[in-house]
1. Got a number for residues in the stretch B:165-191 being part of a loop (DSSP other than H, G, I, E, B) and in contact with a strand residue (DSSP E or B) (Cβ under 8 Å, 6 or more places away or on another chain)?
2. List, please: which pairs have Cβ atoms under 8 Å, are six or more places apart or on different chains, and start with a residue in the stretch B:282-303 that is within 23 Å of residue A:111 (Cα to Cα) and end with one that is surrounded by 21 or more Cβ atoms within 10 Å (Cβ to Cβ) and acidic (Asp, Glu)?
3. Checking the structure you have, find out if any residue of the stretch B:174-189 is within 11 Å of chain A (Cβ to nearest Cβ) and under 29 Å from residue B:402 (Cα atoms).
4. State which residue is surrounded by the fewest Cβ atoms within 10 Å (Cβ to Cβ) when the search covers only the stretch A:133-146 and only residues that are facing another protein chain (nearest Cβ under 8 Å) and modelled with pLDDT of 85 or more.
5. Does any residue in the stretch A:239-263 that is closer than 15 Å to residue A:144 by Cα come within less than 8 Å, Cβ to Cβ, of a residue that is of a type in the set (Phe, Trp, Tyr) and outside any strand (DSSP E or B) six or more places away or on a different chain, and which pairs are these?
6. Here are some residues: A:113, A:101. Which one is within 28 Å of residue B:295 (Cα to Cα), more than 8 Å from chain B (Cβ to nearest Cβ), in contact (Cβ under 8 Å) with a residue 60 or more places away in the chain and not basic (Lys, Arg)?
7. Restrict the check to the stretch A:86-95 and report whether at least one residue is within 11 Å of chain B (Cβ to nearest Cβ), within 24 Å of residue A:267 (Cα to Cα) and either surrounded by fewer than 19 Cβ atoms within 10 Å (Cβ to Cβ) or without any contact (Cβ under 8 Å) to a residue 24 or more places away in the chain (or both).
8. Taking residue A:68 and the conditions (1) at positive phi; (2) within 12 Å of chain B (Cβ to nearest Cβ), which numbered condition does it fall short on, given that it satisfies the others?
Amino acid sequence: MHTFTLPFIARHFLLFVLLISFAVPTPLLGETLTAQQVMEKEDDRYEGDTSIQDMIMILIDRRGGQRVRETKGFSKEYGEDTKSISFFLSPADVKNTAFLSHEWDDSSKEDDSWLYLPALRKVKRIASSDKSGSFMGTDFTYADVEGVDVEDYDYKFIKESEMVDGHDTWVIEAKPKKAIKKKVIKETGNLKSQLWVRKDIFMVVKGKFWVKKGKKIKYLTISEIEQIDGVWTGKKMQMVTTKKGKREHSTVLQTRSIQYNQPLDDDMFTTQRMERGL
Amino acid sequence: MKKVVWWLCLILLSSGFVSNNVYLIQDGWAQTEPVEDGEPAEEEEEDEDLEGFEDEDFEEGDDAFEEIEVKLPVPVSTESQGLSYGGFFREELAYSFQEQDPNLGFVRRGAELSKVRSILNLNLEVDLDKDWKLKISGNAFYDAYYSWEDRDLYPYDTLNVVEREAEFRDTFIEGPLTDSLWLKVGRQIIAWGESEGPAITDMANPRDNREQGVVDIEDARIPIFATKFSYLKEGWEFNVVFTHEFRANKIGVEGFEYDPYASIRSIFEVEFPKQPENHLSNTETLYRLFKSFNGGDISFMYADVFEDEAYLDFDKNTSRLIPRYRRIQVYGGSGNYVMGSWLLKLEFAEKHGLGFAREDLDKQLENEVDRPESWSEKNTSEAMLGFDYTGVTDLTATFELGIIKTHDYEDNLMHLELRASSSLILRYDTWNDTLHPQFFWVRLPNDNGDVLRVTVDYDYVDALQLSAGIVVYEASKADNLLYIFRNNDRILASLKYSF
């Protein structure tokens, strides 16, 4: 199971981005590393056993109008499995909403997801097979948040080298494997994607996603990358949704603070905790 | 007219979903079509998939990868310092577009604006220390409709129910007693079970049924003063609840067009309900055991409570019917299981000691029976089987089938021995979660009528939500339970400002 530096939403979004490994070695590169090996290295990168993150989500419509959500997220690794929980702190209409997920490495086990809606005062289990819907109104989908299986894709290099913010990257195209193409596209909503992976730290810094519904293209940018507690962390992540070359909607996820390897009680990742809130 | 309204609802529904659902339905078909010889090569298929993306390149000067500069707000956690407050103001309007049946005793007769309700909610949350929290919440409303329309024709008690109200809602203190034991004391809502419709194991809180079919379940539960202990051990949660006040279901009252006793009042006088007193001996107790597994949740419960819905007891001395509440015992369980995009739901319960209305009271009185009885005590088995389907992007479809069997059935009971009801709710969230069309349909047990409601909520900004909709009641036979409400069709509109 791959690791990454942004816990909670960003982190689990990038389960999707970074789990992608290269199935076909590309001789054009002339490198000792195949694409597959690059991603395995990324996958092996240490990202902390736990994380606690304060995040601001800024949703921007086509007219520039902004909606702001403040969240606090907790995440804990259990071997190859991950449990995470997030609470919405503001605005008033979503305050105390909580989202809990248990992501299992074993592909035979369905991930578990629950949503606590304070208006209902009830935890509801979510059937989360279709992950192509918007997560809480953002430009990120549940697939982005929860991640998808790396084995579901074929990959190829688009460019051997491209500079992004002064750093050399590989540019990779990812397409669902032909045998399961329709299933994967239905679950994730994406026809294909293109990723920019920094060579020095094996980290995705840009992404482009072709969304089937509405024939939209989404652009991911990760910035403010720094090493925190020894873990490479992208503190700002943005996704821009476009259609026919026009910007439709954007989301910025800005990390206010993040701590790694703080002790977290297992009770934090239960449905009871969702009801109690922070 | 009724048919036109039903069609209007369907058109409203379809218009809310058309832009996306047609597309998605086509997707679904495409995925189920068998692959045949001679189909286009995969690469060609791929190209077809990506057709329409030709204009993908961003317009010159607007790089979608360019970093968006945003001004970050002051974080709530810093701003609140252990104390937060908020609430909402909501203005609800309803236009009743059907003329009322003059024989039913409802005050409203013609088509007119029938609700102008202003609702204020305030709440305060205080962190008493690191773990303990205090919450105080209250609601108040005033309906201006009654200040200008036939006010004198409504009984005082009716105005107290439908014109104005002020009450504490969630008002409690909560925190840990030990690492595993949690305490919550005060007015609270305890929502159990899987059903979004009938209360099968969800026995703690009464419901607001004053406007049948108009109120969503999230607004329908009425908080009660209770002490709740929650014990968590190795993934199992055990709840014990003691209630300290009795609150009944809120229902329509005399003169109000949702009065459930409207047809009875022409024969008998119905008194105001006699509620159990709030003393120690009337404490209700509820227990639940809950566990989440990979792929599903399961729970079992037992409750010794008052039924929140009244039965009508005939008083021979006054020849009046008195609504009373019976003590009942309920044991049951619920569970869910995920299968792909399907969440299968089950809930069941055995209920002992319910009071059911008899249909032979008038005959008993004609025959001058010594002790005429208007009700009989019975036990029931109740179950709900349903599902949530989330296989269409941004849409949640919920279907529930409810069944109630009355044991030791007698022919003099008003209802049938076996009763089945069903409901369908379609919720759609689009435009980045700012537009929320919803379709709600419920068929009452044994074809006793249908309620259809279509609403659209629009979040103009985070703080301001605008809503519009229509609710239609369908009951063609005079013995249908909903027949007296058949002319209560309404157009709904509301504005909610959260702060």
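1. Residues flagged as part of a loop (DSSP other than H, G, I, E, B) and in contact with a strand residue (DSSP E or B) (Cβ under 8 Å, 6 or more places away or on another chain) within the stretch B:165-191 amount to 7.
2. Once the first residue is within 23 Å of residue A:111 (Cα to Cα) and sits in the stretch B:282-303, its partners that are surrounded by 21 or more Cβ atoms within 10 Å (Cβ to Cβ) and acidic (Asp, Glu) give B:290/B:297; B:291/B:297; B:292/A:112; B:294/A:112; B:295/A:112.
3. Yes, there is a match, as at least one residue in the stretch B:174-189 is within 11 Å of chain A (Cβ to nearest Cβ) and under 29 Å from residue B:402 (Cα atoms).
4. Here the residue is A:137.
5. As it stands, the answer is A:239/A:140; A:240/B:65; A:251/A:140; A:253/A:140, since those pairs meet every condition given.
6. Within the list A:113, A:101, the selection yields A:101.
7. yes
8. With respect to (1) at positive phi; (2) within 12 Å of chain B (Cβ to nearest Cβ), residue A:68 is out only on (1).
The values are calculated or read from the model by the stated rules, or taken from the named source; none is laboratory data. For clarity, every value in this text was computed on a predicted model and none was experimentally measured. Note that each Cβ is placed from the backbone with ideal geometry, even for glycine, and that neighbours are counted across all protein chains shown.
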